[in-house]
């Protein structure tokens with residue numbers, strides 16, 4: 001169809017770059033998600049420029065208006081990235097039963113809450129108070145430091161063969177809770193960035209709205225799916241349960257975007273609601289191929305927004321290293337403190353295990369950039385922080401677990417959250 | 001992200017309309033694909049106007065230029081429809097082993113070839129010679145009459161419980177061959193429409209190019225997958241076989257679009273090549289959810305391009321009914337003639353079974369419209385023809401099979417091509 005051939009080629013090049021880089025990073029024992037980000041930096045407009053510019057066919061659609069054609073390319077890229085991250089959060093939601101989160105011990109709750117508060121305060125304090133950036137910028141950086149990447153952490157713990165250990169169980173439960181807390185914080189900072197207001201009253205209003213939306217959808221939705229979910233099999237449409245779960249994903253994503261929350265919050269909640277019925281209808285197995293097709297677009301497009309020349313900027317790299325140090329220190333101090341009484345090694349393992357930020361930090365930073373709430377240099381700082389925290393955790397965990405006596409590991413235990421968790 | 005919230009809502013509305021209409025049509029024992037098309041007509045800009053217009057956020061991205069924002073919406077719709085139909089043809093390709101096509105008896109080949117030639121000649125003759133339309137328009141109408149919808153036919157035969165009958169086997173094999181022939185014809189008419197030339201030399205050149213591309217990719221690709229396919233499991237990336245098959249889908253679709261063939265030809269060939277490894281890696285099971293997510297966008301967007309007011313135009317409806325009659329007569333005469341010697345009932349069953357045009361006719365018409373090779377009224381004629389041929393076949397087949405003695409059916413026989421074929 002006219003105008004879309006060049007975009008189709010771009011979609012191929014992005015997918016190819018993602019898969020090549022992912023394969024390379026898997027082979028050097030690093031998370032594929034880092035490879036996908038770096039691939040985006042390399043093929044993006046600031047470096048090789050293999051993607052992101054309109055071709056002649058598309059420019060013809062816009063009657064020769066190159067600026068408009070470029071905007072159209074940006075819109076398509078944003079939409080594909082948005083679909084990718086919506087599917088990603090939907091998938092993570094499918095891994096997250098409401099009941100599992102409610103049932104989880106106070107220990108995991110404490111790890112999650114302290115692991116959210118300490119990094120946020122440290123990030124906000126450094127960028128906003130010590131360096132004097134506007135508070136909205138500092139809020140986005142703080143929010144980007146909040147959420148542990150469940151995917152990356154679970155993958156590392158599974159690769160180490162310690163997924164059944166007590167620390168692993170706490171880490172995975174706490175990572176789920178801090179994802180939810182991150183959604184609330186993200187809703188607040190997004191609302192503040194969108195409305196432009198930063199009064200305490202509006203922060204509280206948005207926070208309350210986000211919490212109410214989350215609680216309402218999670219509890220009512222989960223109840224509805226528990227009560228009527230098995231009836232989905234009686235619908236005549238092909239594979240109705242999966243179709244309805246996708247409908248919920250798109251519908252709640254649209255709804256939360258419309259009311260000023262991030263679209264991914266709705267997608268995550270849709271997944272969490274359908275987690276009630278996931279085993280009966282094999283929803284995770286069905287969501288996985290969609291995830292594998294669309295999610296690379298988020299990471300590569302995010303990477304393509306980073307200008308590699310910023311890495312040559314000493315001041316910026318200094319800031320990135322400071323933020324990374326705070327990101328690590330914040331989780332180790334906060335989560336470690338919540339583990340008081342369980343021994344130093346366990347404190348260290350949980351703190352380090354909660355450190356990788358991965359996709360959620362990138363989501364927060366990408367949202368901040370697209371809302372023009374943070375400038376390009378702070379966006380790049382967050383991307384560098386995400387990459388470094390993710391690179392640091394696996395070897396540290398390997399060392400910490402290698403030093404641990406075998407008795408503390410429960411090898412026969414069931415994997416708590418990592419059933420189908422894909423490679424991130 | 002800025003500007004895409006309205007598009008996200010559109011994607012939700014399209015998916016919702018597709019699923020509601022599909023459910024409704026399944027309940028009245030009609031193919032869901034018809035429901036999706038009609039849903040597109042109803043929610044499209046010419047009727048309710050629920051989709052297809054830019055929202056304020058998107059217009060702001062284009063600095064208030066509503067025309068450019070509208071073009072951007074059109075580009076996004078075309079891209080989503082294109083992705084949907086690429087995934088559809090990839091999936092149909094996965095159902096089509098090269099060896100099955102090569103091995104199939106001369107009977108199925110004769111049914112396919114006569115079932116292609118007779119409708120094309122009738123369609124071209126009516127529109128081009130009798131009604132005096134330009135030859136390029138007549139070619140697109142003829143090409144839209146060529147291909148049987150494997151999906152719809154297989155679904156109907158399975159619902160009737162006669163998938164093991166000898167007629168069913170011939171129908172399914174012939175439908176696969178005529179898909180391939182349709183691809184070649186489509187390549188020729190697309191090439192002619194794109195280059196603007198209609199000399200016999202260029203038609204032959206494009207035909208040869210299409211046949212060579214098809215044969216080269218199908219035979220060499222199938223050989224490569226047979227030889228090295230099982231080695232894909234050794235790659236480190238997550239679920240490498242599926243990822244590589246998606247890469248082939250996007251890559252061959254882009255390549256065939258770049259060299260002037262339709263993108264779907266490459267997607268179909270990619271599927272056919274990976275059909276060699278589909279069972280080992282469960283590629284169909286994995287492609288199915290992606291298909292279910294993206295394919296409705298093709299049918300709803302196609303429907304949304306039909307202006308329902310054309311149905312009130314007596315002359316146009318008369319033409320549509322004439323083309324539909326030729327579409328039915330062409331397949332019944334052509335395919336029936338190829339069944340000479342197997343009895344009248346079998347001739348009728350194969351002729352009627354090959355009649356539903358469904359998605360391929362729509363693909364041809366949509367391509368013709370977007371290339372501006374056919375006007376909007378002929379596009380609507382083809383859409384009406386696709387709908388009517390698909391509506392007529394199931395009840396006729398039911399009657400023909402009800403009259404048939406049980407002995408002619410082989411109930412224990414394996415389903416030849418209909419393994420995972422989804423509801424169309």
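We did not get these values from a lab; they are worked out from the coordinates using the rules stated. Because the structure is predicted, anything quoted here is derived from the model rather than measured. Glycine also receives a Cβ, built like all others from the backbone with ideal geometry; neighbour counts cover every protein chain displayed.
Counting beta carbons within 10 Å around each of A:237, B:80, A:342, A:200 and listing the fewest first gives the order A:200, A:342, A:237, B:80.
When the Gaussian network model of chain A links Cα atoms closer than 10 Å, the mean-square fluctuations of A:296, A:45, A:119 top out at A:45.
Legend: mean number of C-beta atoms from other chains within 10 angstrom of residue C-beta atoms, peptide B:57-70, equals 3.
Sorted largest first, the principal axis extents computed over the alpha-carbon atoms of the protein assembly as shown equal 87, 59, 48 Å.
Principal axis extents of the Cα atoms in segment B:5-73, from largest to smallest and rounded to whole angstrom, are 48, 21, 15.
With kT/(6 pi eta Rh) evaluated at 10 °C and eta = 1.306 mPa s, and Rh the Kirkwood radius from Cα pairs, segment B:55-118 diffuses with a coefficient of 102 µm²/s according to Stokes-Einstein. Here residue A:375 yields copy-to-copy label distances, from shortest upward, of 5.8 nm, the label point defined as 7 Å from Cα along Cα to C-beta. If you run the Gaussian network model on chain A, springs between alpha carbon atoms under 10 Å, then out of A:106, A:96, A:148 the most flexible one is A:106. Across the alpha-carbon set of chain A, the Rg to Rh ratio works out to 0.96, Rh being the Kirkwood radius.
Computed on chain B, with alpha-carbon pairs under 8 angstrom and 6+ residues apart, the relative contact order is 28 percent.
Against the compact-protein benchmark of 2.2 N^0.38 Å, the Cα-based radius of gyration of segment B:22-154 scales to 1.44.
For the residues A:93, A:343, A:351, a GNM of chain A with alpha-carbon springs under 10 Å puts the largest fluctuation on A:343. Considering helices alone, the calculated mean residue ellipticity of chain B at 222 nm is -24000 deg cm²/dmol, with DSSP H runs of length four and up weighted by -39500 (n - 2.57) and normalised per residue.
What separates the Cα centres of segment B:367-391 and segment A:328-342 is a distance of 65 Å. Kirkwood hydrodynamic radius of segment B:300-369, from the reciprocal of the average inverse Cα-Cα distance over all distinct pairs: 14.0 Å. Inter-copy label distances for residue A:45: 2.6 nm (label point placed 7 Å from Cα along Cα→Cβ; shortest first). Starting from the label point of residue B:207 at 7 Å along Cα→Cβ, the same points in the other copies fall at 7.4 nm, in ascending order.
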